[in-house]
1. Taking the Cα centre as origin and putting +1 on Lys and Arg beta-carbons and -1 on Asp and Glu beta-carbons, what dipole magnitude results for the chain, to the nearest 20 debye?
2. Quantify, in whole percent, the carbon and sulfur part of the accessible surface of the chain (1.4 Å probe; protein heavy atoms only).
3. Of V129, N142, W108, whose Cα points farthest to the positive end of the dipole of the chain (charges on the beta-carbon: +1 Lys, Arg; -1 Asp, Glu; origin at the Cα centre)?
4. Taking the chain as a Gaussian network, Cα atoms linked when under 10 Å apart, which of K181, K215, K207 shows the biggest mean-square fluctuation?
5. Rounded, prolate or oblate: pick one for the chain, where a ≥ b ≥ c are the square roots of the eigenvalues of its C-alpha gyration tensor, a/c under 1.5 means rounded, and failing that, prolate if a/b is larger than b/c, else oblate.
6. Can you compute the charge dipole magnitude of segment 86-181 about its Cα centre, using +1 on each Lys and Arg Cβ and -1 on each Asp and Glu Cβ, nothing else charged? Give it in debye, rounded to the nearest 20.
7. Rounded, prolate or oblate: which fits segment 14-149 when a ≥ b ≥ c are the square roots of the eigenvalues of the alpha-carbon gyration tensor, with rounded for a/c under 1.5 and prolate only if a/b beats b/c?
8. Kindly identify segment 177-216 as rounded, prolate or oblate by the Cα gyration tensor criterion: order the square roots of the eigenvalues as a ≥ b ≥ c, call it rounded if a/c is under 1.5, otherwise compare a/b with b/c, prolate if a/b is larger, else oblate.
Amino acid sequence: MPVDCPHGGSISLEWGALIGEYASDDGAFIIKGRAVEYEGKPSPPIGSFLRNQWLSRGTVEATLHFSAVEAVSAAALILNYNLASKAFLAAGLGGPGLFAIRSFAGQWNIHDATGEISNLRPERDYRLVATLAGSSVALSVNGVQVLATQITSPLQRSQVGLFFLSHHDVRVSDFLVRDEKPTAFVVMQFSSPYNEVYSDVIQGVCKALGVHPQKTDEAFGPGVIIADIARQIVESHLVIAELSPSNPNVYYEVGFAHALRKPTILIAEKGTQLPFDVSPFRVLFYENSIPGKTRFEEGLRRHVEAIIGPRSGT
(Lines give C-alpha, C1' and ligand atoms only; values in the text may rest on other atoms or scores of the structure.)
Protein backbone atom coordinates (compact mmCIF):
# COMPACT_ATOMS: atom_id res chain seq x y z
CA MET A 1 0.00 0.00 0.00
CA PRO A 2 1.54 3.36 -0.99
CA VAL A 3 1.68 6.10 1.64
CA ASP A 4 2.79 9.72 1.57
CA CYS A 5 6.38 10.31 2.60
CA PRO A 6 6.89 13.22 5.05
CA HIS A 7 9.97 14.27 3.07
CA GLY A 8 8.10 14.28 -0.26
CA GLY A 9 6.75 11.62 -2.64
CA SER A 10 5.29 8.27 -1.62
CA ILE A 11 6.45 4.74 -0.91
CA SER A 12 4.99 1.26 -1.06
CA LEU A 13 5.04 -0.28 2.41
CA GLU A 14 6.98 -3.53 2.64
CA TRP A 15 8.21 -5.93 5.34
CA GLY A 16 11.56 -7.71 5.47
CA ALA A 17 12.02 -10.84 7.57
CA LEU A 18 15.37 -11.02 9.36
CA ILE A 19 14.36 -14.02 11.46
CA GLY A 20 11.07 -15.92 11.34
CA GLU A 21 8.15 -16.30 8.97
CA TYR A 22 5.12 -14.18 8.25
CA ALA A 23 2.02 -14.03 6.07
CA SER A 24 -0.48 -11.36 5.03
CA ASP A 25 -4.22 -11.52 5.60
CA ASP A 26 -6.59 -8.72 4.56
CA GLY A 27 -3.98 -6.04 5.21
CA ALA A 28 -2.80 -7.54 8.51
CA PHE A 29 0.68 -8.90 9.18
CA ILE A 30 0.60 -12.43 10.62
CA ILE A 31 3.72 -13.55 12.47
CA LYS A 32 3.94 -17.34 12.28
CA GLY A 33 4.59 -18.77 15.73
CA ARG A 34 6.78 -21.75 15.08
CA ALA A 35 10.45 -22.61 15.46
CA VAL A 36 12.67 -21.49 12.59
CA GLU A 37 16.22 -21.98 11.37
CA TYR A 38 18.66 -19.11 11.69
CA GLU A 39 22.08 -19.30 10.03
CA GLY A 40 21.53 -23.04 9.49
CA LYS A 41 20.74 -23.80 13.13
CA PRO A 42 17.43 -24.43 14.96
CA SER A 43 16.17 -21.30 16.64
CA PRO A 44 13.50 -20.67 19.28
CA PRO A 45 10.22 -19.32 17.94
CA ILE A 46 11.52 -15.76 17.60
CA GLY A 47 11.17 -13.24 14.83
CA SER A 48 12.57 -9.87 13.81
CA PHE A 49 10.96 -7.98 10.96
CA LEU A 50 11.84 -4.59 9.51
CA ARG A 51 9.51 -2.14 7.79
CA ASN A 52 10.70 0.26 5.08
CA GLN A 53 9.75 3.21 7.27
CA TRP A 54 12.26 5.25 9.26
CA LEU A 55 12.17 7.02 12.59
CA SER A 56 14.25 9.80 14.11
CA ARG A 57 11.71 10.99 16.63
CA GLY A 58 8.01 10.31 16.90
CA THR A 59 5.71 7.32 17.39
CA VAL A 60 5.27 3.75 16.21
CA GLU A 61 1.84 2.20 16.68
CA ALA A 62 0.25 -1.18 16.02
CA THR A 63 -2.55 -3.44 17.24
CA LEU A 64 -1.34 -6.86 18.44
CA HIS A 65 -3.54 -9.92 18.81
CA PHE A 66 -2.20 -13.21 20.27
CA SER A 67 -3.96 -16.40 19.17
CA ALA A 68 -2.65 -18.06 22.36
CA VAL A 69 -0.24 -17.06 25.11
CA GLU A 70 2.28 -18.74 27.38
CA ALA A 71 4.96 -17.63 29.83
CA VAL A 72 7.50 -16.86 27.08
CA SER A 73 5.12 -14.93 24.81
CA ALA A 74 6.37 -11.49 23.78
CA ALA A 75 5.73 -9.01 20.97
CA ALA A 76 7.18 -5.53 20.69
CA LEU A 77 7.60 -2.56 18.38
CA ILE A 78 11.18 -2.00 17.22
CA LEU A 79 11.87 1.74 17.43
CA ASN A 80 15.48 1.61 16.29
CA TYR A 81 17.47 -1.11 14.49
CA ASN A 82 21.23 -0.89 13.89
CA LEU A 83 21.98 -2.74 10.66
CA ALA A 84 25.72 -2.93 11.39
CA SER A 85 25.55 -4.34 14.94
CA LYS A 86 22.07 -5.96 14.76
CA ALA A 87 21.26 -4.17 18.03
CA PHE A 88 17.75 -2.81 18.50
CA LEU A 89 15.47 -0.93 20.90
CA ALA A 90 11.95 -2.30 21.43
CA ALA A 91 8.85 -1.48 23.48
CA GLY A 92 5.93 -3.83 23.93
CA LEU A 93 4.39 -6.81 25.67
CA GLY A 94 6.16 -9.67 27.44
CA GLY A 95 9.73 -10.34 28.47
CA PRO A 96 10.59 -9.39 32.05
CA GLY A 97 7.03 -8.18 32.67
CA LEU A 98 3.70 -7.62 30.98
CA PHE A 99 5.07 -4.33 29.62
CA ALA A 100 8.72 -3.70 28.82
CA ILE A 101 11.10 -1.26 27.16
CA ARG A 102 14.37 -3.06 26.44
CA SER A 103 17.26 -3.19 24.01
CA PHE A 104 19.26 -6.07 22.60
CA ALA A 105 22.99 -5.89 21.80
CA GLY A 106 24.23 -9.44 22.24
CA GLN A 107 22.19 -9.63 25.43
CA TRP A 108 19.05 -7.96 26.75
CA ASN A 109 19.23 -4.66 28.63
CA ILE A 110 16.01 -3.85 30.51
CA HIS A 111 15.32 -0.10 30.60
CA ASP A 112 11.91 -0.35 32.26
CA ALA A 113 9.35 -3.08 32.91
CA THR A 114 6.20 -3.60 34.93
CA GLY A 115 3.17 -5.87 35.25
CA GLU A 116 2.66 -9.64 35.46
CA ILE A 117 2.99 -11.64 32.24
CA SER A 118 0.17 -13.88 33.54
CA ASN A 119 -2.20 -10.98 32.74
CA LEU A 120 -1.48 -11.25 29.00
CA ARG A 121 -4.69 -12.50 27.38
CA PRO A 122 -5.23 -14.37 24.10
CA GLU A 123 -7.84 -13.30 21.55
CA ARG A 124 -7.67 -9.70 22.75
CA ASP A 125 -6.53 -6.58 20.87
CA TYR A 126 -3.67 -4.60 22.39
CA ARG A 127 -3.11 -1.19 20.82
CA LEU A 128 0.54 -0.22 21.41
CA VAL A 129 1.86 3.33 20.98
CA ALA A 130 5.61 3.70 21.53
CA THR A 131 7.13 7.19 21.57
CA LEU A 132 10.79 8.08 21.01
CA ALA A 133 11.97 11.64 21.67
CA GLY A 134 15.73 11.97 22.03
CA SER A 135 16.62 9.95 25.14
CA SER A 136 13.00 9.64 26.24
CA VAL A 137 11.01 6.46 25.50
CA ALA A 138 7.40 5.83 26.52
CA LEU A 139 4.83 3.09 25.95
CA SER A 140 1.03 3.30 26.04
CA VAL A 141 -1.24 0.26 25.77
CA ASN A 142 -4.95 0.66 24.96
CA GLY A 143 -4.73 4.36 25.80
CA VAL A 144 -2.98 3.90 29.17
CA GLN A 145 0.62 5.07 29.55
CA VAL A 146 2.34 2.16 31.28
CA LEU A 147 6.07 2.98 30.94
CA ALA A 148 8.30 6.03 30.56
CA THR A 149 12.07 5.97 30.84
CA GLN A 150 15.34 7.36 29.52
CA ILE A 151 18.02 5.59 27.52
CA THR A 152 21.69 6.55 27.55
CA SER A 153 22.95 5.47 24.13
CA PRO A 154 22.41 8.04 21.36
CA LEU A 155 20.34 6.68 18.48
CA GLN A 156 20.64 7.56 14.81
CA ARG A 157 17.69 7.58 12.44
CA SER A 158 16.81 3.99 11.49
CA GLN A 159 14.18 1.63 10.19
CA VAL A 160 11.45 0.38 12.51
CA GLY A 161 9.90 -3.05 12.82
CA LEU A 162 8.61 -5.85 15.04
CA PHE A 163 10.09 -8.39 17.43
CA PHE A 164 8.24 -11.41 18.76
CA LEU A 165 8.69 -14.61 20.75
CA SER A 166 5.78 -17.04 20.55
CA HIS A 167 4.89 -20.62 19.68
CA HIS A 168 1.58 -19.31 18.35
CA ASP A 169 0.57 -16.83 15.65
CA VAL A 170 0.48 -13.11 16.43
CA ARG A 171 -1.67 -10.82 14.28
CA VAL A 172 -0.40 -7.26 13.72
CA SER A 173 -2.72 -4.66 12.19
CA ASP A 174 -2.88 -0.89 11.68
CA PHE A 175 0.91 -0.45 11.86
CA LEU A 176 1.56 3.29 11.79
CA VAL A 177 4.71 5.40 11.96
CA ARG A 178 4.75 9.14 12.66
CA ASP A 179 8.25 10.38 11.99
CA GLU A 180 9.16 13.86 13.22
CA LYS A 181 12.26 15.94 12.70
CA PRO A 182 15.04 15.37 15.25
CA THR A 183 15.55 18.34 17.56
CA ALA A 184 18.78 20.22 18.24
CA PHE A 185 18.58 22.08 21.56
CA VAL A 186 20.80 25.17 21.40
CA VAL A 187 22.23 26.65 24.59
CA MET A 188 23.90 30.04 24.42
CA GLN A 189 23.89 33.59 25.75
CA PHE A 190 20.90 35.60 24.54
CA SER A 191 22.65 38.70 23.22
CA SER A 192 24.41 40.02 20.13
CA PRO A 193 26.54 38.75 18.37
CA TYR A 194 25.52 35.26 19.55
CA ASN A 195 21.91 35.68 18.47
CA GLU A 196 23.28 36.30 14.96
CA VAL A 197 25.42 33.14 15.16
CA TYR A 198 22.20 31.27 15.84
CA SER A 199 20.06 32.93 13.15
CA ASP A 200 22.75 33.18 10.43
CA VAL A 201 24.47 29.80 10.83
CA ILE A 202 22.97 27.31 13.28
CA GLN A 203 19.38 27.63 12.08
CA GLY A 204 20.33 27.33 8.42
CA VAL A 205 22.59 24.31 8.85
CA CYS A 206 20.07 22.44 11.00
CA LYS A 207 17.09 23.11 8.76
CA ALA A 208 19.05 22.09 5.65
CA LEU A 209 19.70 18.71 7.32
CA GLY A 210 16.10 18.20 8.41
CA VAL A 211 16.77 19.04 12.07
CA HIS A 212 14.55 21.37 14.10
CA PRO A 213 16.70 23.85 16.09
CA GLN A 214 15.30 25.25 19.30
CA LYS A 215 16.81 27.86 21.60
CA THR A 216 15.88 28.13 25.27
CA ASP A 217 14.21 31.54 24.97
CA GLU A 218 12.19 30.31 21.97
CA ALA A 219 11.02 27.26 23.88
CA PHE A 220 9.97 28.84 27.15
CA GLY A 221 10.22 32.67 27.12
CA PRO A 222 10.63 34.55 30.41
CA GLY A 223 10.68 32.69 33.71
CA VAL A 224 12.53 29.64 32.42
CA ILE A 225 12.25 26.68 34.79
CA ILE A 226 15.26 24.39 35.14
CA ALA A 227 13.02 21.32 34.96
CA ASP A 228 11.72 22.48 31.57
CA ILE A 229 15.26 22.89 30.24
CA ALA A 230 16.23 19.45 31.55
CA ARG A 231 13.21 17.88 29.84
CA GLN A 232 14.04 19.65 26.58
CA ILE A 233 17.62 18.36 26.68
CA VAL A 234 16.41 14.82 27.41
CA GLU A 235 13.99 14.93 24.47
CA SER A 236 16.47 16.49 22.02
CA HIS A 237 18.52 14.45 19.56
CA LEU A 238 21.60 16.59 20.11
CA VAL A 239 22.76 19.73 21.90
CA ILE A 240 24.67 22.64 20.36
CA ALA A 241 26.39 24.85 22.94
CA GLU A 242 28.02 28.25 22.30
CA LEU A 243 30.77 28.73 24.90
CA SER A 244 32.37 32.07 23.98
CA PRO A 245 31.12 34.16 26.90
CA SER A 246 31.56 32.66 30.34
CA ASN A 247 27.96 31.85 31.21
CA PRO A 248 27.13 29.61 34.22
CA ASN A 249 23.75 28.64 32.75
CA VAL A 250 25.35 27.39 29.54
CA TYR A 251 27.93 25.34 31.44
CA TYR A 252 25.22 23.87 33.66
CA GLU A 253 23.23 22.75 30.61
CA VAL A 254 26.34 21.33 28.93
CA GLY A 255 27.17 19.37 32.08
CA PHE A 256 23.64 17.98 32.22
CA ALA A 257 23.82 16.95 28.56
CA HIS A 258 27.18 15.20 29.12
CA ALA A 259 25.75 13.37 32.14
CA LEU A 260 23.02 12.00 29.86
CA ARG A 261 25.62 11.05 27.24
CA LYS A 262 23.70 13.35 24.91
CA PRO A 263 25.61 14.09 21.67
CA THR A 264 26.86 17.63 22.17
CA ILE A 265 28.54 19.99 19.71
CA LEU A 266 30.63 22.68 21.42
CA ILE A 267 31.28 25.87 19.46
CA ALA A 268 33.19 29.04 20.37
CA GLU A 269 34.61 32.12 18.69
CA LYS A 270 38.28 31.72 17.79
CA GLY A 271 40.53 33.02 20.59
CA THR A 272 38.12 32.12 23.40
CA GLN A 273 39.90 30.89 26.54
CA LEU A 274 37.92 27.91 27.73
CA PRO A 275 37.88 26.77 31.38
CA PHE A 276 39.92 23.74 32.35
CA ASP A 277 37.02 21.30 32.65
CA VAL A 278 35.79 22.04 29.09
CA SER A 279 39.09 22.48 27.24
CA PRO A 280 39.77 18.71 26.83
CA PHE A 281 36.64 18.35 24.68
CA ARG A 282 36.68 18.93 20.94
CA VAL A 283 35.42 22.42 20.17
CA LEU A 284 34.45 23.85 16.79
CA PHE A 285 36.06 27.31 16.71
CA TYR A 286 34.72 29.89 14.25
CA GLU A 287 35.81 33.28 12.93
CA ASN A 288 33.39 36.20 12.79
CA SER A 289 34.02 36.97 9.10
CA ILE A 290 32.53 36.11 5.69
CA PRO A 291 35.16 33.40 4.90
CA GLY A 292 34.95 32.23 8.50
CA LYS A 293 31.16 31.87 8.22
CA THR A 294 31.53 29.47 5.28
CA ARG A 295 34.06 27.31 7.13
CA PHE A 296 31.89 27.41 10.23
CA GLU A 297 28.81 26.24 8.31
CA GLU A 298 30.73 23.36 6.74
CA GLY A 299 32.24 22.25 10.05
CA LEU A 300 28.90 22.39 11.84
CA ARG A 301 27.20 20.49 9.02
CA ARG A 302 29.71 17.63 9.31
CA HIS A 303 29.27 17.44 13.08
CA VAL A 304 25.44 17.36 12.87
CA GLU A 305 25.46 14.78 10.06
CA ALA A 306 27.75 12.51 12.09
CA ILE A 307 25.17 12.52 14.90
CA ILE A 308 21.84 12.27 13.09
CA GLY A 309 22.91 9.58 10.63
CA PRO A 310 21.46 8.95 7.16
CA ARG A 311 18.43 10.85 5.93
CA SER A 312 17.51 8.21 3.37
CA GLY A 313 14.27 6.28 3.66
CA THR A 314 10.95 7.51 5.01
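The values are calculated or read from the model by the stated rules, or taken from the named source; none is laboratory data. Source: prediction; values computed, not measured. Virtual Cβ from ideal backbone geometry, glycine too; neighbours counted across all protein chains shown. Surface accessibility is based on the protein's heavy atoms, side chains included, excluding ligands, DNA and RNA. Shrake-Rupley method; radii C 1.70, N 1.55, O 1.52, S 1.80 Å.
1. Numbers: 26 positive and 31 negative charges, 94 e Å.
Roughly 460 debye for the chain.
2. Working: 7720 of 14900 Å².
The C+S portion of the solvent-accessible surface of the chain is 52 percent.
3. W108
4. Result for the chain, Cα springs under 10 Å: K207 fluctuates most.
5. Details: a/c = 2.48, a/b = 2.11, b/c = 1.18.
Judged from the Cα gyration tensor, the chain comes out prolate (a/c at least 1.5, a/b above b/c).
6. Numbers: 9 positive and 8 negative charges, 41 e Å.
For this selection, approximately 200 debye.
7. Working: a/c = 1.32, a/b = 1.12, b/c = 1.18.
It comes out rounded by the Cα gyration axes.
8. Values: a/c = 4.81, a/b = 2.04, b/c = 2.36.
It is oblate, given that a/c is not under 1.5 and a/b is not larger than b/c.
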